[in-house]
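Throughout, read-outs are computed from the coordinates displayed, never taken from laboratory work. Because the structure is a prediction, the values reported are computed rather than measured. All Cβ positions, even for glycine, are placed from backbone atoms using ideal geometry, and neighbour counts span all protein chains on display.
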Amino acid sequence: MSENLVRPAVKALIENEAGEILVLKAVGEKRTYLLLPGGKVEYGETPVGALIREVKEEVSCRIDVGDVVGVYHYFADEGESEGDEIVLTVFEGDIESVDAVDISNNPADEGIEEYLWISPEELVEETETRELSKFISDEYNI
């Protein structure tokens with residue numbers, strides 16, 4: 001019998017001057033979904049260090065990591081409780097230039113197809129990830 005794990009992860013809430021949020025559009029085995037930049041915290045890595053690494057890998061940008069803005073979680077395997085629990089800490093983040101975003105250099109095969117700048121309301125409407133939708137709704141009082 002395998003035991004499920006709780007896995008730490010980090011995400012960045014990055015806004016442009018128009019108040020739009022940077023999201024990544026990724027293709028999974030079962031669906032296409034929207035997500036904030038970030039990823040898993042590796043063993044021995046700090047959450048801030050993980051976020052700096054992940055943002056650099058996913059969007060080729062240096063990030064200035066700000067305050068924690070919240071935490072949300074979900075179960076791996078697209079909502080099935082048999083999967084590991086992923087606990088995401090979300091930090092405010094600023095990148096050097098919104099024009100510098102580039103997803104073509106990601107060394108990991110994460111299925112990221114494109115990046116988008118969208119309003120918080122649009123993200124809440126378009127994401128199929130219930131936990132992300134609730135987090136953004138709470139953060140922006142939608």
Let me spell out the model: positive unit charges on the Cβ of Lys and Arg, negative unit charges on the Cβ of Asp and Glu, origin at the Cα centre of the chain. What dipole size does that give, in debye rounded to 20? 260 debye
Run the simple label-point estimate for Asn16 and Asp138 please: 7 Å along Cα→C-beta, distance reported in nm. 2.8 nm
The FRET efficiency for Tyr43 and Glu131, from their Cβ-Cβ distance with R0 = 30 Å and rounded to 0.05, is 0.80
Could you work out the relative contact order of the range 12-132? I mean the mean sequence separation of Cα pairs under 8 Å and 6+ apart, divided by the number of residues, in percent. 34 percent
In whole Hz, the Karplus estimates of ³J(HN,Hα) for the range 88-103 (6.51, -1.76, 1.60; θ = phi - 60°; x where Gly or Pro) are 9, 9, 9, 10, 5, x, 10, 9, 4, 7, 5, 7, 8, 4, 8, 9
Which percentage, to the nearest 5, of the DSSP beta bridges contained in the range 6-140 is antiparallel? 75 percent
Can you give the longest run of the chain that contains no GluC sites (Glu not before Pro) sitting in a DSSP loop with at most 13 other Cβ atoms inside 10 Å? 43-79
